[in-house]
Amino acid sequence: MKTLDCFAEALKNLSNLNLDYIIKKSHKAKRVSLKITSSGKLIAIIPYTYKTDLPIKKFIAEKKDWILKHLKPAYKFKNTTLDKNLLHKNFLKNKQLILQDIKTLVDYYAKFYNISYKKITIKNQSTIWGSCSKSKNLNFNFRIAYLPTQLKNYIIIHEVCHTLEMNHSKKYWSFVYQTTPNYKLYIKQLRKYEKNFFIT
Ligand SMILES: [Zn+2]
């Protein structure tokens, strides 16, 4: 599996996502143009006389499809590490959207398993994807928003099922299996993402 497709994938999933970009002023430029560097950063080249970044935002919105198409190879080129600072900045910009997205999924699976929970917290954790406390508070690492949908869902299901069983017993996995028969494959796939997503 290509581990770094996740960023472009996440951008597609979260349609209101703001893209990060670096502004470069140019004496030669007559209009806005875009460039994506080999490390995956988006650069907006603008005429020297531009005073605000409004035209850039508009241009980026118009060219979103092009950007998404080209961000992917750029990240592939980098190949070993994801820009973790960019990921975190992107999260801070889209915190509400990400929380809402996760809450919608938690509520869906809570209904399926007929369970209740107390609170959802999105955290910036460096080594775990999620956790569930004895008092049924669910915690998720913000990075799950940037995973492919099936892996994000699995982590949510994993924690939701801990409200039924606070362990990893056979009984616990039988709950997970009800919605995610492929869970063993997903656990394997997540290990690859850990290398790229977690700050170690
Ligand atoms: Zn667990």
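The values are calculated or read from the model by the stated rules, or taken from the named source; none is laboratory data. Here the structure is a predicted model, which is why all the values come from computation and not from measurement. We place every Cβ from the backbone using ideal geometry, glycine too, and count neighbours over all the protein chains shown.
Could you look through segment 162-178, keep only residues that are of a type outside the set (A, V, I, L, M, F, W, C) and assigned to a loop (DSSP other than H, G, I, E, B), and pick out the one that is nearest to the ligand (Cβ to nearest atom)? Per the stated criteria, the residue is H168. Taking the conditions (1) away from the ligand (no atom under 14 Å from the Cβ); (2) in contact with a helix residue (DSSP H, G or I) (Cβ under 7 Å, 6 or more places away or on another chain); (3) touching a residue at least 60 places away in the same chain (Cβ under 8 Å) in turn, Y117 satisfies each one other than (3). The residue list S126, S135 contains one member that is in contact (Cβ under 8 Å) with a residue 60 or more places away in the chain and not in a helix (DSSP H, G or I), which is S126. For segment 29-46, how many residues are free of Cβ contacts under 8 Å to residues at least 24 places away in the same chain, closer than 17 Å to D65 by Cα and not polar (S, T, N, Q)? Residues meeting the conditions: 3. Of all residues in segment 136-159, those being away from the ligand (no atom under 16 Å from the Cβ) and not aliphatic (A, V, I, L, M) number 6. For F112, the conditions (1) surrounded by fewer than 20 Cβ atoms within 10 Å (Cβ to Cβ); (2) touching a residue at least 60 places away in the same chain (Cβ under 8 Å); (3) within 13 Å of the ligand (Cβ to nearest atom); (4) among the hydrophobic types (A, V, I, L, M, F, W, C) are fulfilled apart from (3). K192: touching a helix residue (DSSP H, G or I) at 6+ places or on another chain (Cβ under 7 Å) and part of a helix (DSSP H, G or I), yes or no? Considered against the rule, which asks whether it is touching a helix residue (DSSP H, G or I) at 6+ places or on another chain (Cβ under 7 Å) and part of a helix (DSSP H, G or I), K192 comes out as yes.
Remark: pairs (first residue in segment 149-178, at pLDDT below 95; second residue within 14 Å of the ligand (Cβ to nearest atom) and aromatic (F, W, Y); Cβ separation under 6 Å; 6+ apart in sequence or on different chains) = L151/Y186. Checked against the criterion of being modelled with pLDDT of 75 or more, in a helix (DSSP H, G or I), of a type outside the set (D, E, K, R) and under 30 Å from V176 (Cβ atoms), the candidates I56, I98, I115, I60 yield just one match: I98.
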